[in-house]
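These notes are about the structure you will find just below.
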Amino acid sequence: MKKWDITPGIDPNDSTLRGEVYYDKGVKADWRVTQDLNPFLKQVKLEREALEASPTARKGHYRKFATIPDVIAIEILENYGMDIHHPEFMKTPEEVQKLKAIIMRDYPDLIVST
């Protein structure tokens, strides 16, 4: 069996996203993507605290809803068939509403503002 570890970028410390591909000739192939979510959860917490400390920060036209790490975007693509990185995705209000419902239900720790 062969195993390849894939780390994006030149410096492995630049990203918390990691990939592994396992290949056993003629038997099976498997892949796995992992990512440390702690830096994202810390950032979401800081952004929530900033919003709570400054109520006027909510008055803009655009508000950040959530932080979605790459590994969660891949999971959403695999489980729901939604490619949130597609250039046209955000132009489809129905799909954006479905995404928000998924995030609120399955990943509430990633929500910055509702």
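Rule-based calculations on the coordinates, nothing more; no lab input. These figures come from a predicted structure and were not determined experimentally. As a convention, Cβ positions derive from the backbone with ideal geometry for all residues, glycine included, and neighbour counts pool all protein chains shown.
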5 angstrom amide H check on MET82, placed H, neighbours 5+ away: LEU77
Residue-span extension gain [TYR80 to GLU49] - 0.36 nm each, minus C-alpha spacing: 8.1 nm
Length released on extending from PHE65 to MET90, taking residue separation times 0.36 nm less the Cα-Cα span: 7.7 nm
Point-charge dipole on Cβ atoms (K/R +1, D/E -1) for region 38-110, about Cα centre, debye to 20: 480
Members of LYS45/LYS98; LYS28/LYS98; LYS25/LYS100; LYS25/LYS98 lying beyond 30 Å, as alpha-carbon distances in this model show: LYS28/LYS98; LYS25/LYS100; LYS25/LYS98
